[in-house]
1. Could you count how many residues in segment 35-72 are in a helix (DSSP H, G or I) and closer than 14 Å to Lys24 by Cβ?
2. Within the bounds of segment 4-13, is there any residue that is part of a helix (DSSP H, G or I) and surrounded by fewer than 11 Cβ atoms within 10 Å (Cβ to Cβ)?
3. Can you tell me which condition Ile80 does not meet? The list is (1) at pLDDT below 85; (2) touching a Phe, Trp or Tyr at 6+ places or on another chain (Cβ under 8 Å), and all the others hold.
4. Could you look through segment 24-55, keep only residues that are surrounded by 14 or more Cβ atoms within 10 Å (Cβ to Cβ) and β-branched (Val, Ile, Thr), and pick out the one that is farthest from Ile80 (Cα to Cα)?
5. If you go through segment 29-82 one residue at a time, how many are of a type in the set (Gly, Ala, Ser) and in contact with a strand residue (DSSP E or B) (Cβ under 8 Å, 6 or more places away or on another chain)?
Amino acid sequence: MYDLNTSELTFEEQIGGQPDQYIKVKEIEQNSKGNYYATVYIDDGKFFLRTFGKTTRTAEEIEENEVNINEMIGLDDYTIPN
């Protein structure tokens, strides 16, 4: 995310990044204060919900917080969105 006044990078959140990944993220929502965000994305048939704030986190911190929707409701990775 970049500061609109200074154009400086304030934080970053990586989603995917491996050469064999195809990540589909449509929207990132924010709360009314603009300091907390959420997105749902799909990675090769696996759906995830991620929430984050305005601080850059390690991969381990991200994994601890991320919700694997497939595991939660019993979807296989052959499921795709319509």
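1. First, pick out the residues of segment 35-72 that are in a helix (DSSP H, G or I): 59-65, 69-72.
Going one step further and asking which of them are closer than 14 Å to Lys24 by Cβ, we end up with 69.
The qualifying residues number 1.
2. Quick first cut of segment 4-13, residues part of a helix (DSSP H, G or I) only: none.
So far as segment 4-13 goes, no, none of its residues is part of a helix (DSSP H, G or I) and surrounded by fewer than 11 Cβ atoms within 10 Å (Cβ to Cβ).
3. Tallying (1) at pLDDT below 85; (2) touching a Phe, Trp or Tyr at 6+ places or on another chain (Cβ under 8 Å), Ile80 fails exactly one: (2).
4. Out of the qualifying residues, it is Ile28.
5. Step one: filter segment 29-82 for residues of a type in the set (Gly, Ala, Ser), giving 32, 34, 38, 45, 53, 59, 74.
From what is left, the residues that are in contact with a strand residue (DSSP E or B) (Cβ under 8 Å, 6 or more places away or on another chain) are 38, 53.
Here the count works out to 2.
The values are calculated or read from the model by the stated rules, or taken from the named source; none is laboratory data. Treat the numbers as computed from the prediction; the structure is a model and nothing was measured. Quick reminder, even Gly has a Cβ in these numbers, built from the backbone with ideal geometry, and neighbours come from all protein chains shown.
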